[in-house]
1. What tally of residues in the range 1-43 results from selecting those that are more than 23 Å from K85 (Cβ to Cβ) and of a type in the set (F, W, Y)?
2. Pairs only if they're at least six apart or on different chains, beta carbon under 7 angstrom, first in the range 75-93 and in contact (Cβ under 8 Å) with a residue 40 or more places away in the chain and within 17 Å of C25 (Cβ to Cβ), second open to solvent by 20 Å² or more (accessible area, probe 1.4 Å) and of a type in the set (S, T, Y); list them, first residue then second.
3. Looking only at the range 23-47, count every residue that is in contact (Cβ under 8 Å) with a residue 40 or more places away in the chain and open to solvent by less than 50 Å² (accessible area, probe 1.4 Å) and tell me the total.
Amino acid sequence: HLCDRRQRQMCIRDRDKSLKFTRVCIYFFAVLLVGICVGAPWLYRGFLELRSPLLDGMLPYFLVTNYATAVPVGAALYKMNGLLKNISANQVFISENTECLRQLSWCCAAAGMIFAASGFYYFPFWLLCGAAMFMALILRVIKNVFAQAEEIKRENDYTI
């Protein structure tokens, strides 16, 4: 039993480290998102000057794509932080987490739709569209697993 207790304590420490690291990454990406939104005009202007004369005059389109996707990305970061907060408090299979996962999938789908529309003026955005839509699908599957686990947990809580 002593070995099991040590292993359990190590697993808890590792889990806590992983959760803290993930939250630090979320904060880093939130700061990065703000930085990209603030610096977007200069970043895209430099990018477009390097790419090709074919993209001349496309700066407004890139800025619209950037700022439009910032909304679902910011919402996704916020929801991920809430999800991690609940998991840190040992509240895993609860309806709030299932809802967070559902909203995360919609954030990915929204970004994917923005990228799909943006692909008409810059082809590589369609690749981002595919990645975002695939991520939305993965999150939907995980949300369904959480919903099922939540239901099983609820049934077990009512069982004597």
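1. Final tally of qualifying residues: 1.
2. These pairs meet every condition: L84/T22.
3. 3
The values are calculated or read from the model by the stated rules, or taken from the named source; none is laboratory data. Since the model is a prediction, treat every value here as computed from it, not as a measurement. Note: ideal-geometry Cβ built from the backbone for every residue, glycine included; neighbour counts use all protein chains shown. Areas reflect the complete protein model, heavy atoms only, side chains present, ligands, DNA and RNA absent. Shrake-Rupley method; radii C 1.70, N 1.55, O 1.52, S 1.80 Å.
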